[in-house]
Amino acid sequence: ADAIPASSSRLTAGAMRNAAAGDTMLMAELRDAITRGELGYCLQPKIDLRSGRLLGAELLVRWEHPRFGPLEPDAFVPIAEQTDTIGEMTLYLARCGLEQCRRWAAAGERLHVSVNVSANDLADPRLVDAIIEATGSQGHCLMLEITETAVMREPERVAVALPRLRAHGIRISVDDFGVGHSSLVNLRRLAPDELKIDRSFVAAVLDSASDRAIVRATIQLGHELGASVVAEGIEDEATRAWLATAGCDSGQGFGIAKPMPAARFMELLG
Ligand code: C2E
Ligand code: CA
Ligand code: CA
Ligand code: CA
């Protein structure tokens, strides 16, 4: 009995059936959520760590569920990934991001938007085509974030998609860098435009010498690969200052700005 993990001993067979039934229900509802206009998003500012200048925003999906209220991505993105819905969702959100970029440009600000994509997305050539078509001549506006783990799930197909996106000026960021298991060979081949240091390392830089070493090494690796390096999850000024001194290019986090509605982001442009 000692060998049974706590999580499975807490879940009765009935609860597990209910959880699975709930997922199936959400999966069906998610298909209509886009057309019903229930999918929204927040924007989290990304700044230059030395100058403090605003560089752009990361688009983070939200689902205004009619009965459950606002749902966090962790509650439905994994479900979308099990179906074709993820591609539709990604394309919809990329269009939303591009639309925001046009507004920022009209207000005189040349900013980019970072959109999270899943492994399945970049593995689907039709979706890659659709993103390229939606982007048109706005390639400089769009950065796609793909987690290191996702890259490793579909390394061959991602490697095919990236040059096509790049040919249209779309940039690629490797998200949650450091917690996945990408080989250096893969990383060199992907030639990402940005490495995004995972929050778990960023949160520990002031307390842990080994995390500081990992972050310094990541910054050096990124720069030597020709990539810009961004830190996520910066929660306080001391962390921001340390990262800036360590040569990290840009940053995001609650200590800089929390994710906000598009209208509030627009107000930041002044
Ligand atoms: P992520 O890509 O690593 O996104 C960053 C998450 O960290 C966001 O949570 C953000 O609100 C949160 N965060 C930002 N700054 C801080 C901070 O200083 N401290 C802490 N503790 N958290 C911070 P969110 O919005 O709940 O998103 C969670 C994850 O869901 C994302 O992680 C991403 O993997 C996924 N996700 C979000 N939007 C999308 C999307 O449009 N498409 C896909 N495929 N995945 C998405
Ligand atoms: Ca991200
Ligand atoms: Ca991340
Ligand atoms: Ca994350």
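The values are calculated or read from the model by the stated rules, or taken from the named source; none is laboratory data. Remember, it's a predicted structure, so these values are computed and weren't measured experimentally. All Cβ positions, even for glycine, are placed from backbone atoms using ideal geometry, and neighbour counts span all protein chains on display. Surface accessibility is based on the protein's heavy atoms, side chains included, excluding ligands, DNA and RNA. Shrake-Rupley method; radii C 1.70, N 1.55, O 1.52, S 1.80 Å.
Does G40 meet the test of being of a type in the set (G, A, S), farther than 17 Å from S173 by Cα and outside any helix (DSSP H, G or I)?
Considered against the rule, which asks whether it is of a type in the set (G, A, S), farther than 17 Å from S173 by Cα and outside any helix (DSSP H, G or I), G40 comes out as yes.
Sort through V128, V160 and tell me the only one that's open to solvent by 40 Å² or more (accessible area, probe 1.4 Å), aliphatic (A, V, I, L, M) and more than 16 Å from ligand 3 (Cβ to nearest atom).
Exactly one of V128, V160 is open to solvent by 40 Å² or more (accessible area, probe 1.4 Å), aliphatic (A, V, I, L, M) and more than 16 Å from ligand 3 (Cβ to nearest atom), namely V160.
Going through region 213-260 one residue at a time, which ones are within 13 Å of ligand 1 (Cβ to nearest atom) and open to solvent by 60 Å² or more (accessible area, probe 1.4 Å)?
Of everything in region 213-260, those that are within 13 Å of ligand 1 (Cβ to nearest atom) and open to solvent by 60 Å² or more (accessible area, probe 1.4 Å) turn out to be E235, D236, E237, F254, K258.
Can you list residue pairs whose Cβ atoms sit under 7 Å apart, with the first residue in region 53-72 being over 18 Å from M89 (Cα atoms) and the second being away from ligand 4 (no atom under 16 Å from the Cβ) and among the small types (G, A, S)? Count only pairs 6 or more apart in sequence or on different chains.
Pairs that qualify, where the first residue is over 18 Å from M89 (Cα atoms) and the partner is away from ligand 4 (no atom under 16 Å from the Cβ) and among the small types (G, A, S), are L55/S250.
How many residues are over 17 Å from A263 (Cα atoms) and in a helix (DSSP H, G or I) when one looks only at region 79-114?
Of the residues in region 79-114, 12 are over 17 Å from A263 (Cα atoms) and in a helix (DSSP H, G or I).
For (1) within 16 Å of ligand 2 (Cβ to nearest atom); (2) assigned to a loop (DSSP other than H, G, I, E, B), each residue gets a yes or a no:
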| residue | (1), (2) |
| --- | --- |
| N116 | yes, no |
| A130 | no, no |
| A134 | no, no |
| S137 | no, yes |
| T149 | yes, no |
| E156 | no, no |
| R166 | no, no |
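Using beta carbons and a limit of 8 Å, which pairs, at least six apart or on different chains, have the first residue in region 168-184 and closer than 12 Å to S200 by Cα and the second one β-branched (V, I, T) and surrounded by fewer than 14 Cβ atoms within 10 Å (Cβ to Cβ)?
Hits for this filter: zero, empty list.
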